[in-house]
């Protein structure tokens, strides 16, 4: 089983519950249809990685505010990178097929460490690549807010302690190459909670 680190302890999530199309400007940048309802997809434990590894296929980065769920509640926050195999996803969309090959492959869910948090108001993510700000988004820009996502998810899924909720990506997604330097930040009310750097392998 793959693990993430929460306040120095090893946590083994059973799954990662992801929300698609949760920022209006991101929906527009990919020319996607505005969803009538929340969009869920799941990444398995095997998708978790501490390293950012570029697949041989065409791949897109998507930075996200990520939460560790314990007792059906948000217990910690981290920075996540959701990797997408673009050609596989486009084919799946056209043929109305599942997204697993595009979203749930090995090493497609990259996480920083997680830090404990009791209040999620004012949370913001920033993603820099080679020193350039590529993505910036906060909870207020989300169509579905985190606790609303949890309540909707519980209609279909059970959360095991240590599962991760990934809340969607703001505009600014794109492609990357080996050797690129990523810097992900989680900020709360102007104060940095998490900063994590990756060099793409």
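Coordinate-derived values only; no laboratory data. Model, not experiment: these values are computed from the prediction. Ideal geometry is used to build each Cβ from the backbone, glycine not excepted, and the neighbour counts take in all protein chains shown.
For the pair residue 25 and residue 189, what calculated FRET efficiency results from E = 1/(1 + (r/R0)^6), where r is the Cβ-Cβ distance and R0 = 30 Å, to the nearest 0.05?
Approximately 0.85, to the nearest 0.05.
Gain in length, residue 120 to residue 58, computed as 0.36 nm per residue apart minus the alpha-carbon separation, to one decimal in nm?
On the way: separation 62, 0.36 × 62 = 22.32 nm, distance 3.40 nm.
Length gained, residue 120 through residue 58: 18.9 nm.
Between residue 12 and residue 40, what is 0.36 nm times their sequence separation minus the Cα-Cα distance? Round to one decimal in nm.
8.0 nm
When only C-alpha pairs under 8 Å and at least 6 residues apart count, what is the relative contact order of the chain, in percent?
Values: 480 pairs, mean separation 61.1, N = 201.
Once normalised by length, the contact order is 30 percent.
Would you mind calculating the gained length between residue 93 and residue 130 on full extension (0.36 nm times residue separation, minus the Cα-Cα distance), in nm to one decimal?
Result: 10.2 nm gained on full extension.
Which residues in the range 172-201 have a backbone N closer than 19 Å to a point placed 7 Å from the Cα of residue 140 along the Cα-to-Cβ line?
Those under the cut-off are 186-193.
Please arrange 34, 125, 142 by how many other C-beta atoms lie within 10 Å of their C-beta, fewest to most.
With the sparsest Cβ surroundings first, the list reads 34, 142, 125.
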